[in-house]
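Report on the structure given below.
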Amino acid sequence: MTQSHPIRKRARHARVLLLGTAAFSLAACQPEEQVDTNVFPSLEECRALADLPENDFTPEDCAAGFEEAQAIHAESAPRYDDQALCEEEHGGECVVETRSDGTSIFLPLLAGYMIGNMIGGRGMAAQPLYRTQGGRFATPGGGTTVSGLRGNTQLRPNSFAAAPNTRAAAPLSRAAVQSRGGFGASRTGGGVGARGFGG
Amino acid sequence: MRRDELGARPDWQEKAEAAGFTFHHLGGPLYWDEGAAYAFTLSEIEERLERPAEELHAMCREAVARIVTSEELMEKLSIPEAHRDLVAQSWRDGAPELYGRMDFSYGGEGPAKLLEYNADTPTTLYETSGFQWDWLEDMIATGRLSEGSDQFNGIHEAIVERFRAMFEPDTDIHFAAFEDSVEDYATVETIAWAAREAGMGAHFTDLRKIGVTEDGQFADGEDRVIGTLFKLYPWEDMLRDDFADAIAGSSCRILEPPWKALVSNKGILPILWQMFEGHPNLLPAFFAGEETDALGPSHVEKPIFSREGAGIRIHAGDESEVSSDTAYDSHPRILQAYAPLPKFGDEHVMCGIWLVGTEAHGMGLRVDHSRITQDTSRFRPHYIEA
């Protein structure tokens, strides 16, 4: 910025920023949109409920959702090398798949599925549900659990996101945190009080 | 350069409170002190401070290019072996720098001498780019300084432009600091304002609440994945934390980039001296334990990692002085020729020149009765005479 004839050396505006208020308002309190979600133990039960006037999903939604849940089940169902472990984790029967090398792998049965009316015209989404050890029902990856297989609930949009195992998650998406507090311990400067690093 | 007993604005304290600038007193003693200000000429700012700072930054970049190819230099700078690739790769990738502050000994005569470069976690940004700027506007508006008075302070606009150049619009940036450190928080908040003005999303997380996800990415205190992280936390500490091993695989862009660990390190000073010996803005500097005859009898001992004057020892006969803060005493040290800070009245002055990207864009002055500028040193505003 070394110039021979600068107009001025100071900013045209810098406003005395109001500290401690709004710079991070996005982070502090943006209430997350909720997805209206219906949970079913089977396609048949979904269809039966779709005919009731108080429900805003159709038999077609039921079928499309079931198909999507089955596709996700095929891709992302929890898989175990050990049948006993699978049955323990999911409180019940597991089915066997045979790998191309002839070894066996075990999957929990599809216990039910849920469909959600995504906000902003993004259509309907579905997820398979598996019984958990504690008798609840969880999405693949375990990110969301519901207590039963019937009824209506409000869930975060991310409950319908793909199970976190294929690619790096996008910024600001929610992700399962394994551990915390790994930064800050080596702090040599600063200290608690008014002043910190830098000077 | 002249000290000018202008007197404080009668309502400055109310203005500070109204702006949320609550740390204008530090546990009692005054920190923001506009009772006197410093006056500069435009050519003095441009020729003695701005141009040398930009030249020194370019020299630092040359030094980094050399250090990243040398295990020996990485070792001297105490970069943990496991993370040298991270540091070197960020340089090879051309990861851009955001900001930094060079501290100079300059009193109006002779070339400004670089004391150190806080290129990683400089604070005092709010008082420099915001409150000082407002002080000048007020002084002109009330006729206490003439209409044509100016200030070396384009920092805010420069940071906004830098963000625009560095990131796509709407990039979400997390800002991490220690929430209970008022001044650190003010500095990240000031930068976050600039980021938002540049069209970015700004999110705060306490540094200690950062987590690692199942996929090895970083997440904030609310489990949200961090794609870009501004951290007001020194690289030398970060590389020694439990999560250091997770950085390389986290797909997270971090500001400042890892190669700044080499520049904010006082070990850069002897390397600069070796590469550019005799440069008018450099002081002779050496790693402790090396051949140091060229230093002369008066010199300063500094830990390679230290901030706010901690761990500094001046060896200069009657002027000898030792910092009472020993937090960094276990770190390797460098020796630098002693360039006494200029004295105006009963105060020593240090000129901090702010770099944004590769350019110099502003100045903040710190004064202290002590010869060592420390965390309690007062901040004084400056202006450029019409």
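The values are calculated or read from the model by the stated rules, or taken from the named source; none is laboratory data. Quantities reported herein were computed from a predicted structural model and do not represent experimental measurements. Here Cβ is always computed from backbone atoms with ideal geometry, including for glycine, and neighbour counts include all displayed protein chains. Protein only, heavy atoms only, side chains kept; ligands, DNA and RNA dropped before computing areas. Shrake-Rupley method; radii C 1.70, N 1.55, O 1.52, S 1.80 Å.
Structure values in brief
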| item | result |
| --- | --- |
| Some residue of region B:222-232 being more than 9 Å from chain A (Cβ to nearest Cβ) and open to solvent by less than 10 Å² (accessible area, probe 1.4 Å) | yes |
| Hits in region B:302-315 - residues which are buried (at least 17 other Cβ atoms within 10 Å of the Cβ) and not polar (S, T, N, Q) | B:Lys302, B:Pro303, B:Ile304, B:Phe305, B:Arg307, B:Glu308, B:Gly309, B:Ala310, B:Gly311, B:Ile312, B:Arg313, B:Ile314 |
| Within region B:45-58, tally of residues that are closer than 19 Å to B:Glu97 by Cβ and either open to solvent by 10 Å² or more (accessible area, probe 1.4 Å) or more than 23 Å from the chain's Cα centre (by Cα) (or both) | 4 |
| Region B:315-328, subset over 21 Å from the mean Cα position of the chain (by Cα) and of a type outside the set (Gly, Ala, Ser), residue modelled with the highest pLDDT | B:His315 |
| Scan of region B:309-334 for residues that are closer than 22 Å to B:Lys76 by Cα and within 14 Å of chain A (Cβ to nearest Cβ), ordered by number | B:Gly309, B:Ala310, B:Gly311, B:Ile312, B:Thr326, B:Ala327, B:Tyr328, B:Asp329, B:Ser330, B:His331, B:Pro332 |
| Flag if B:Glu290 is within 24 Å of B:Pro80 (Cα to Cα) and either open to solvent by 30 Å² or more (accessible area, probe 1.4 Å) or within 7 Å of chain A (Cβ to nearest Cβ) (or both) | yes |
| Within region B:340-380, considering residues that are part of a loop (DSSP other than H, G, I, E, B) and crowded, with 21+ Cβ neighbours inside 10 Å, the one modelled with the lowest pLDDT | B:Asp375 |
| Hey, B:Glu183 open to solvent by 10 Å² or more (accessible area, probe 1.4 Å), part of a helix (DSSP H, G or I) and within 22 Å of B:Glu256 (Cβ to Cβ) or not | no |
| Complete set of residues in region B:137-159 that are in contact with a His (Cβ under 9 Å, 6 or more places away or on another chain) and closer than 18 Å to B:Gly7 by Cα | B:Gln151 |
| Pairs, first farther than 14 Å from B:Ser105 by Cα and in a loop (DSSP other than H, G, I, E, B) in region B:266-284, second open to solvent by less than 20 Å² (accessible area, probe 1.4 Å) and among the β-branched types (Val, Ile, Thr), C-beta under 9 Å, six or more apart | B:Lys266/B:Ile304; B:Lys266/B:Ile334; B:Gly267/B:Ile67; B:Gly267/B:Ile304; B:Gly267/B:Ile334 |
| Meets criteria (modelled with pLDDT under 95 and either within 12 Å of chain A (Cβ to nearest Cβ) or surrounded by fewer than 20 Cβ atoms within 10 Å (Cβ to Cβ) (or both)) for B:Ala39 | no |
| Count of region A:149-167 residues which are in a loop (DSSP other than H, G, I, E, B) and either at pLDDT 65 or above or open to solvent by 50 Å² or more (accessible area, probe 1.4 Å) (or both) | 9 |
| Number of positions in region B:234-244 that are in a loop (DSSP other than H, G, I, E, B) and more than 7 Å from chain A (Cβ to nearest Cβ) | 1 |
| Yes/no for B:Ser181 being among the polar types (S, T, N, Q) and in contact (Cβ under 8 Å) with a residue 60 or more places away in the chain | no |
| Some residue of region B:161-172 being closer than 25 Å to B:Arg224 by Cα, within 7 Å of another protein chain (Cβ to nearest Cβ) and touching a residue at least 24 places away in the same chain (Cβ under 8 Å) | yes |
| Residue under evaluation B:Arg208, criteria (1) surrounded by fewer than 24 Cβ atoms within 10 Å (Cβ to Cβ); (2) under 21 Å from the mean Cα position of the chain (by Cα); (3) closer than 30 Å to B:Thr22 by Cβ, criterion not met | (2) |
| Selection count, region B:245-265, where residues are outside any loop (DSSP other than H, G, I, E, B), touching a strand residue (DSSP E or B) at 6+ places or on another chain (Cβ under 7 Å) and closer than 22 Å to B:Glu301 by Cα | 1 |
| Residues located in region B:138-176, provided they are open to solvent by less than 10 Å² (accessible area, probe 1.4 Å) and closer than 11 Å to B:Glu197 by Cα | B:His156, B:Ile159, B:Val160, B:Phe163 |
| Selection within region A:77-87 - closer than 27 Å to A:Ala161 by Cβ and in a helix (DSSP H, G or I) | A:Leu85, A:Cys86 |
| Of the criteria (1) in a helix (DSSP H, G or I); (2) within 12 Å of chain A (Cβ to nearest Cβ); (3) of a type in the set (A, V, I, L, M, F, W, C), which one B:Leu115 fails | (1) |
| Pairs, first touching a residue at least 60 places away in the same chain (Cβ under 8 Å) in region B:29-49, second open to solvent by 20 Å² or more (accessible area, probe 1.4 Å) and small (Gly, Ala, Ser), C-beta under 7 Å, six or more apart | B:Glu34/B:Ala8 |
| Leading residue by the ranking (surrounded by the most Cβ atoms within 10 Å (Cβ to Cβ)) among those in region A:8-57 that are modelled with pLDDT of 75 or more and under 28 Å from B:Lys15 (Cβ atoms) | A:Arg10 |
| In region B:20-36, residue farthest from B:Val356 (Cα to Cα) [restricted to those that are facing another protein chain (nearest Cβ under 10 Å) and out of contact with any helix residue (DSSP H, G or I) (no Cβ under 7 Å at 6 or more places or on another chain)] | B:Gly27 |
| Residue satisfying all of: in region B:121-148; in a loop (DSSP other than H, G, I, E, B) and at the interface with chain A (Cβ under 10 Å from one of its Cβ atoms); nearest to the chain's Cα centre (by Cα) among these | B:Pro122 |
